[in-house]
1. Looking at region B:22-39, can you tell me whether even one residue there is more than 13 Å from DNA strand C (Cβ to nearest atom), within 14 Å of chain A (Cβ to nearest Cβ) and under 18 Å from A:Phe44 (Cβ atoms)?
2. Which number in (1) under 25 Å from A:Glu200 (Cβ atoms); (2) within 9 Å of DNA strand C (Cβ to nearest atom) marks the one condition that A:Val111 misses?
3. Could you list, in sequence order, all residues of region B:15-42 that are within 11 Å of DNA strand D (Cβ to nearest atom) and either in contact with a Ser or Thr (Cβ under 7 Å, 6 or more places away or on another chain) or modelled with pLDDT under 95 (or both)?
4. Those residues that are more than 12 Å from DNA strand D (Cβ to nearest atom) and either under 17 Å from B:Arg132 (Cα atoms) or of a type in the set (Lys, Arg) (or both), I need them from region A:43-74; list them, please.
5. Just to verify a result, which residue in region B:54-73, among those that are buried (at least 21 other Cβ atoms within 10 Å of the Cβ) and closer than 24 Å to B:Arg124 by Cβ, is farthest from DNA strand C (Cβ to nearest atom)?
6. Looking at A:Leu214, A:Leu149, A:Leu109, can you tell me which residue is modelled with pLDDT under 95 and either touching a Ser or Thr at 6+ places or on another chain (Cβ under 7 Å) or closer than 15 Å to B:Leu183 by Cα (or both)?
7. Among the residues in region B:76-94, are any closer than 11 Å to B:Ile32 by Cβ, within 13 Å of DNA strand C (Cβ to nearest atom) and away from chain A (no Cβ under 14 Å)?
8. Would you kindly identify the helices (runs of 4 or more DSSP H) lying entirely within region A:119-225 that contain at least 1 residues that are within 8 Å of chain B (Cβ to nearest Cβ) and under 20 Å from the mean Cα position of the chain (by Cα)?
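The values are calculated or read from the model by the stated rules, or taken from the named source; none is laboratory data. Keep in mind that what you see is a predicted model, and the values were worked out from it rather than measured. Ideal geometry is used to build each Cβ from the backbone, glycine not excepted, and the neighbour counts take in all protein chains shown.
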Number of protein chains: 2
Amino acid sequence: MLPRAHKRTAASRESRPNPRAERSAARRDAIIEAAFEEFSARGFAATRLDDVAQRAGVAKGTIYLHFQDKEELFQELVRSALGPIIAQVELAQFADAPLRVSINQLAGLFVREVLGTRRKDIIRLVISEGPRFPKVAEFYYSNIVGRALAAMRHILQRAVDRGEIKNRIIVRFPQLIVAPGILAVIWSGLFDRFEELDAEAMMQAHLSLLFDALELPAKKTKARA
Amino acid sequence: MLPRAHKRTAASRESRPNPRAERSAARRDAIIEAAFEEFSARGFAATRLDDVAQRAGVAKGTIYLHFQDKEELFQELVRSALGPIIAQVELAQFADAPLRVSINQLAGLFVREVLGTRRKDIIRLVISEGPRFPKVAEFYYSNIVGRALAAMRHILQRAVDRGEIKNRIIVRFPQLIVAPGILAVIWSGLFDRFEELDAEAMMQAHLSLLFDALELPAKKTKARA
DNA sequence: ATATTATGACTGACCAGTCAGTCATATTGA
DNA sequence: TCAATATGACTGACTGGTCAGTCATAATAT
């Protein structure tokens, strides 16, 4: 929910720089920011709202003025982090560019806006906690994953129609395009201290291999028992 | 509480030598099995050892006869689930087979022994909880991920040497081979109810595309700002 | 008999969520 | 303009419940 910009009474004065509502919104943001740090570091169950409050410089009760309960705080955190990129996700499909350009654009968006920011920690959170928070999983699927897949299918189908690519299997599994990105997100949290992984270079290599393969005619599938 | 049923009636004893050690081991296994169910469903922090005990048909104190504490139980759970496949991981590299055969073998191992079993839930657990349990992450890296990567690099390097593949970028990023498998593990927990994903078919498609691409000569990399 | 293993009631720490009270700011009225 | 009054955002001590880990006691095996 985005109940920002409350009632603005009739003669809404635009001059006032610091009305109550503004202060209040700032606190809400501070709480979400603090919740992000704590939830990322400890996971949902192990996070103490006392710590969130302290980090936000706020009393615990204040959290409950802005959020129903711990779970709603978590959901709002995910919403507010992912909301801003939702629009961008669907943009790529409308540009009538060649396949490589369109896909590189989407991949670039992912590398820049997710892997390159703390949003990757949000993705990790969704992966970790999502199964226990149907609302979060649904929001994430409806607003990000589902749309991104649809956009990619659209782009890919167009490329097939144009004859840019010969192998249509990728239209069935557009997930293959982003899989290394997901792996990179997971890797960064788990294994970076054992072995560094250059996510952008890997993504680059991946797309380059993939495009090469897609331009070849599809082979017959081997029958499998 | 569930049926206790622990009073081995005098008659039952003559059949086999049921030494204490055997009974004890069986209980340990039951506890680990129960812990698996509970940890998978709720995550580490939200799992109650009371529930684990009940599910295992054991009193809570019994858990502490086998494991130091909750964390050790969790670690042992991961160990015991992943242990059996460690050996297999390194086997593939010694067979002197063509690339496609070797890699398909590894991929088959993954699909069969991980995606096809409840081990995928263990992987999910490691992904979710690993960042907060360095011991688990390290065990997983040292015994599974690291070895698998090394084995794959070995196989791939040999294929390069033989001229089976022309593009050596994959030697640098063998992660690209398994990325869709990881995505499938995550997908199954989060999004299966919105959109089914045929992991094996996707893996098949992926490897087929990848092999095709690898047989082509590498192109020049585009310089990037 | 007695050593080993199992039990489950118990303890103490911990923490989400509450609510009576405070106080800075806004509104009103003269 | 500036008390007097109203508002509601904010506070933090408190409650009720939960749960990891303990240990005195009981069951069982040898």
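1. Yes; the residues of region B:22-39 include at least one that is more than 13 Å from DNA strand C (Cβ to nearest atom), within 14 Å of chain A (Cβ to nearest Cβ) and under 18 Å from A:Phe44 (Cβ atoms).
2. So the condition that A:Val111 fails would be (2).
3. Hits for region B:15-42 are B:Pro17, B:Asn18, B:Pro19, B:Arg20, B:Ala21, B:Glu22, B:Arg23, B:Ser24, B:Glu38, B:Phe39.
4. A:Gly43, A:Phe44, A:Thr47, A:Arg55, A:Lys70
5. Applying the first criterion (buried (at least 21 other Cβ atoms within 10 Å of the Cβ)) to region B:54-73 yields B:56, B:58, B:63, B:73.
Now restrict to residues that are closer than 24 Å to B:Arg124 by Cβ: B:56, B:63, B:73.
Numbers: B:Ala56: 9, B:Ile63: 8, B:Leu73: 15 Å.
Selected residue: B:Leu73.
6. On the way: A:Leu214 fails: either touching a Ser or Thr at 6+ places or on another chain (Cβ under 7 Å) or closer than 15 Å to B:Leu183 by Cα (or both); A:Leu109 fails: either touching a Ser or Thr at 6+ places or on another chain (Cβ under 7 Å) or closer than 15 Å to B:Leu183 by Cα (or both).
Selected residue: A:Leu149, the only one of A:Leu214, A:Leu149, A:Leu109 that is modelled with pLDDT under 95 and either touching a Ser or Thr at 6+ places or on another chain (Cβ under 7 Å) or closer than 15 Å to B:Leu183 by Cα (or both).
7. No, because not a single residue in region B:76-94 is closer than 11 Å to B:Ile32 by Cβ, within 13 Å of DNA strand C (Cβ to nearest atom) and away from chain A (no Cβ under 14 Å).
8. A:119-129, A:134-140, A:146-162, A:175-190, A:199-215
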